[in-house]
Amino acid sequence: MRTQVAIVGGGPAGLLLSHLLHLQGVDSVVLERRSAEYVQQRVRAGVLEQGTVDLLTEAGVGERMRREGEVHNGVHIQFDEDRVHIPFKELTGRAITVYGQQEVVKDLTERRLADGGRVLFEVDDVRVAGVDTDDPVVHYTHEGVPHELHADFVAGCDGFHGICRDAIPADVRTVYERVYPFGWLGILADVPPSSDELIYANNANGFALLSMRSATISRMYLQVAPEESLDRWPDERIWAELSTRLGAPGFTLQQGPIFDKSVTAMRSFVAEPLRYGRLFLAGDSAHIVPPTGAKGLNLAVSDVDRLAESIADYYRTGSETGIDTYSAACLERVWRVQHFSWWMTSMTHRFEGPDAAFDRRLQRSQFDYLGRSAASATTLAENYVGLPLR
Ligand code: FAD
Ligand code: DHB
């Protein structure tokens, strides 16, 4: 089989890239290891930056998001029992939209298939070769039969555990990484959210986050040990801990049946460069951020926006400027977002060790400053709603 762009990975990055290329008349094939059902059920992100919302809308895949997503004009940051409200809209003119990642994936998959796009699910043994030649090829097995997909370009949209990153030789690649000494236990519960906007809370027991998926479904997270076993967290313990950590005068946490529970380890990771020959990495295959800034999905969207434009420009005009500058241009945003995500994590989580008491006083000072200074609140707001995509 032959296509212009072979896309490995059918998560948000791969599907959106395929759709954006299609809009520009560029053909692609998406190879996804999992089933369509699995990819669409995977519970992950929920916060879309204004730029992501605008891009999905302009690309014609934002209709349900506009209808069902909730626009939030601000967020609460809490330290012990004190809360500061950060009014995004007032400070930046922009807002965020709460809409589940799996809904974005559903909308994109539906649209790709309706447009006749080739998206192959449940492919195995994916291997890329010849990315430093003019004829890169992706080998894979589908329904037990081995295939070769020849392409002009290969897009590695296969997430953190994918195989594309390793096609860049080790002597060309530099990896930057920080692993945090904690993870997040996330739940979905059938209960109306106890706040109309998100609450990021720093409590002596650790971090907690109140988020939501709809008027009837709450999404919440607790800081736990990185390899924490869910067996240690029966529902009553989760609710008790969330109530403690989110506790504030006049606030009551509504409780309800929990229908999803998972633990995610937290890391910051960047593999540079994002391009090697005819291979381009986009999204989690190239970088991971701790989830505190709600940035991973948004960063994936910003990568593929740039990649689609660069590849389309190459076919349209023959110019290689976009593809040549892709890596450096993405990395500028990646590191801004890395800093913001690390900063949000540092400000809101419980750290142990000899400096713990000192660190907590610094966190308190940062929190107080957010509440007192419009400049400080604006720094948080403009990063959280997202800097312009291009
Ligand atoms: P993925 O979603 O990982 O998709 C990669 C795809 O490639 C997968 O479907 C995988 O099955 C497939 N694949 C892997 N290997 C192969 C292979 N060898 N062959 C073929 N296919 C392969 N981000 C935000 O912006 N906001 C948030 O609020 C937020 N909250 C989060 C909360 C949690 C608990 C977690 C875990 C993440 C959160 N993120 C958030 C991050 C966000 O979910 C990711 O950054 C996003 O999924 C990245 O998209 P992607 O397409 O690059 O990678
Ligand atoms: C959600 C996830 C995040 O990582 C975050 O920072 C905010 C909200 C969520 O899943 O709703």
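What follows draws every value from the coordinates through simple rules; no lab data is involved. All figures in this text were calculated on a predicted structure; none of them were measured in a lab. With ideal geometry, Cβ positions are generated from the backbone for all residues, glycine too; neighbour counts draw on all protein chains shown.
Computed from point charges on the beta carbon alone (+1 for Lys and Arg, -1 for Asp and Glu), the dipole magnitude for the chain about its Cα centre is near 740 Debye. Note on the chain: Cα Rg divided by 2.2 N^0.38 Å, N the number of residues, gives 1.00. Within the straight-line cut-off of under 23 Å between alpha carbons, the lysines reachable from LYS261 are LYS106, LYS295, sequence neighbours fewer than 8 places apart in one chain being disregarded.
Between helix 235-245 and the chain, what is the angle of the helix's C-alpha long axis to the longest principal axis, kept within 0 to 90° and rounded to the nearest 10? Value to nearest ten degrees: 70. The largest-to-smallest principal axis extents of the Cα set in region 191-281 are 57, 29, 26 Å. Karplus-derived 3J(HN,Hα) values for region 100-109, using 6.51 cos²θ - 1.76 cosθ + 1.60 with θ = phi - 60°, are x, 4, 5, 6, 4, 5, 4, 4, 5, 4 Hz; glycine and proline are entered as x. Which angle from 0 to 90°, rounded to the nearest 10, does the C-alpha axis of helix 296-317 make with the longest principal axis of the chain? That helix lies at roughly 30 degrees to the long axis.
Give the whole-number value, in cubic angstrom per residue, of the convex hull volume spanned by the C-alpha atoms of region 1-119.
Working: hull volume 15.3 nm³, N = 119.
Per-residue hull volume (Cα only) is 129 Å³.
Projecting label points 7 angstrom from Cα along Cα→Cβ for TYR176 and ASP355 puts them 1.8 nm apart. Placing unit charges on each Cβ (+1 for Lys and Arg, -1 for Asp and Glu) gives region 49-140 a dipole about its Cα centre, and among HIS76, VAL105, THR57 the Cα reaching farthest toward its positive end belongs to THR57. Between the beta carbons of ARG364 and SER35, assuming R0 = 56 Å, the FRET efficiency works out to 0.75 to the nearest 0.05.
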